[in-house]
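Report on the following structure.
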């Protein structure tokens, strides 16, 4: 009973300050900036950008992932501190999208890192990205933080 | 300190403390109590200011700011803090592990030790040191040691760049900071923070800010160089987010990272309190003499309130400055320090000396000049308000034609 | 020397001017749309009229011409048709749209003769599994629509809120 309440409080704290990694690979990054901008204020739900992966909770993969970039993305993902989440934003990050037949593009970022939430769109509206962050909050609220000590079974 | 401990003992247990075996234990306990209160204040101030800064920044950028977490987002800082506590505490593989772990403690202790000598009201000060101002300068320069340790030990080029920039900046800006307080110290004849405030008065023309044009210049210089010492924009070169990844705290995560922003925001109070006590009359209540101030507890609390309000205004100005100005370059930063601030400081010190000789504090001529100076200051404030009004009305018609809504939405109206 | 003092004056003046601008913004209305909990009017009304949201197919009016499949630049539409040997009637057995791949260019809906495929204003199809983003519009074979001669079906009533897509997307709680 107490553990459940503690879990809820901790999860609530965690979901109230999702700091995302300031990082974008292609044109979806413009929409990511717009989401942090005045019209759809991502700061409203406590999400601010951190430019270093050590302090970020959420990685928003915004845009086309080339094979060369995929290594870097995996490196950045492994540099993030637990607990960490990944949001795949836009068609290119979801499955390669428009560039699926290209020789140099990764067919979906879920080939290299585990993805929690997919946001479709090309690019998604700022509101759709906001909905994605809210979905991450939902995932956080369902977790047993104390039981798992922050470890998530998402190692790839 | 000792008298306050005696008073509290008398108040709690209704017996005067004697030279008994408990007295030493009571004093030690009292020291820990005061330290705890200061720490509580500093940590809470840092947190709440971070929230308020985000709201103000949001309004300046015509956003809303954090308003979902708790009523109007008031619990945002608690959520941020506890989340950072719960995050994994990473130490890079090839880092110097001991220095990496020790660096936040240096930053923390360097800043929170400065709170010991800062006054909060009449007689409300943890330790009224007779070298108070000097002590604050000395102890806050411990911060730079922590920053260099953190930057060097984390084995990352960005952290190292940030740390070296920070070293160059903080050490060079110590000079104008210290020099610009010398006129105040000369006018008071004391280094104690309480004495500096006691030498001023409640009304603006009794403040050191309006004593002479030279002290006014010194105020501006002290403000600028204190900003640089506190790593605030426009001098936040050590953690320049667009150039270095996150500066000296790039490799820190979790609780150890939490220390750095907490110290930064606690430093905001230190800067503002120093500005307030040195130039803005400190806790002096208008129309109340110091002799009557010491009589009643109510007036003492009033003085504390005055100090907090003045400091908050300075904090607000610093926050607004942060979200107005872009970051200066490294060469501009050193240029400002060595070719503008230091020469002006030296000139202002000599000018204040001459001014003190010609117009001593008590004479009628000095009072008249102070009145004129404060009149000029008021005029500047009036001009500033006029410019704000002009900027507002400049865009009013276009907005209302476009949106069909009133543009008027003051910051106290919370969306 | 003149330049030196000029620099100081311009710096202080421009800082004060900038502060006046930012201070005036403290009294202006913020332009934030407080999605999702404090909206002034629903999100669908705020979108522009020809907003290209997620594709939706009205299988009742599909004539099975496969123009949308051919015109799609990223091949995100898959259609199968079957013909009943005895009655010569054609059936639509598969109409899948991979939303995760779609680039929302609008070529399919422009070329559709009966506007069976069209863009809705529904945009937030957020999901935890990428396979949920493949929307299957046909559960069991549907007889193809035969338009009456000379009729213009471009102006049929469209369900722009995306109810069909919502219903077809599995694993998405609404």
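Every read-out reported here was derived from the displayed coordinates using simple, explicitly stated rules and does not represent laboratory data. The model shown is predicted, which means the values in this text are computed figures rather than measured ones. Please note: Cβ atoms are built from the backbone with ideal geometry, for glycine as well, and neighbour counts cover all protein chains shown.
Checking the a/c ratio against 1.5 first, then a/b against b/c, what shape does the Cα gyration tensor give for region B:233-279? Verdict is oblate for region B:233-279.
Counting every other Cβ atom within 10 Å of each residue's Cβ, B:323, B:283, B:265 order from fewest to most as B:323, B:265, B:283. The eigenvalues of the Cα gyration tensor, multiplied by 5 and square-rooted, give chain C an equivalent ellipsoid with semi-axes of 53, 18, 16 Å from largest to smallest.
Neighbour counting of Cβ atoms within 10 Å sorts the residues B:97, B:198, A:135, A:147, fewest neighbours leading, into A:147, B:97, B:198, A:135.
What separates the Cα centres of region C:82-103 and region B:219-245 is a distance of 64 Å. Once you sort the root eigenvalues of the Cα gyration tensor of chain A as a ≥ b ≥ c, which label holds: rounded (a/c under 1.5), prolate (a/b larger than b/c) or oblate (the other case)? Prolate shape, in that a/c is at least 1.5 and a/b is the bigger ratio.
Rounded to the nearest 5, what is the percent of antiparallel bridges among the DSSP beta bridges in the protein assembly as shown?
The answer is about 65 percent antiparallel.
Pairwise Cα separations in region C:32-119 fall into 10 Å bins from 0 onward with the following percentages, short to long: 15, 39, 25, 15, 5, 2, 0. In the protein assembly as shown, the calculated helix contribution to ellipticity at 222 nm averages -16500 deg cm²/dmol per residue, counting -39,500 (n - 2.57) for every DSSP H run with n ≥ 4. Placing a label point 7 Å from the Cα of residue C:31 along the Cα-to-Cβ direction, the residues of region B:367-400 whose backbone N falls under 11 Å of that point are B:399.
Hey, any idea what the orientation-averaged projected area of the convex hull of the protein assembly as shown's Cα atoms comes to, in nm²?
The Cα convex hull of the protein assembly as shown, projected and averaged over all directions, gives 42.7 nm².
Model label points for residue B:381 and residue B:354, set 7 angstrom from Cα along the Cα-to-Cβ axis, are 3.0 nm apart. Here the contact order of chain B, divided by its residue count and restricted to Cα pairs under 8 Å and six or more residues apart, works out to 19 percent.
For chain B, modelled as a GNM whose springs connect Cα atoms under 10 angstrom apart, the maximal fluctuation among B:204, B:176, B:71 occurs at B:71. Let me see the pair-distance distribution of region B:92-358: every alpha carbon pair, 5 Å bin width, integer percents in order. Going from the shortest bin to the longest, the percentages are 1, 6, 13, 17, 18, 15, 12, 8, 5, 3, 1, 0, 0, 0. When a/c is below 1.5 the answer is rounded, else prolate if a/b is larger than b/c, else oblate, so apply that to region B:95-216 with a ≥ b ≥ c taken from the square roots of the Cα gyration tensor eigenvalues. Because a/c hits 1.5 or more and a/b exceeds b/c, region B:95-216 counts as prolate.
Take every Cα pair under 8 Å whose residues are at least 6 apart in sequence, average their separation, divide by the length of chain A, and the relative contact order is 25 percent. Quick check: the distance between the Cα centres of region B:97-139 and region A:92-128, to the nearest angstrom? Region B:97-139 and region A:92-128 have Cα centres spaced 51 Å from each other. Here the label points at residue C:75 and residue B:312, each 7 Å from Cα along the C-beta direction, are separated by 6.6 nm in the simple model.
Here r is the Cβ-Cβ distance between residue C:140 and residue B:91 and R0 is 51 Å; the resulting FRET efficiency, rounded to 0.05, is 0.30.
Using r as the Cβ-Cβ distance of residue C:163 and residue A:68, and R0 as 35 Å, what FRET efficiency do you calculate, to the nearest 0.05? Efficiency at R0 = 35 Å is approximately 0.25. Under the simplified labelling scheme, the residue C:11-residue C:107 pair shows an inter-label distance of 5.8 nm, with each label point 7 Å from Cα along Cα→Cβ. Per-residue Cβ neighbour counts within 10 Å put B:53, A:82, C:49, A:31 in the sequence C:49, A:82, B:53, A:31, beginning with the fewest. So, in Å, what gap is there between the alpha-carbon centers of region C:27-54 and region B:159-192? First find each Cα centre; the distance between them is then 49 Å.
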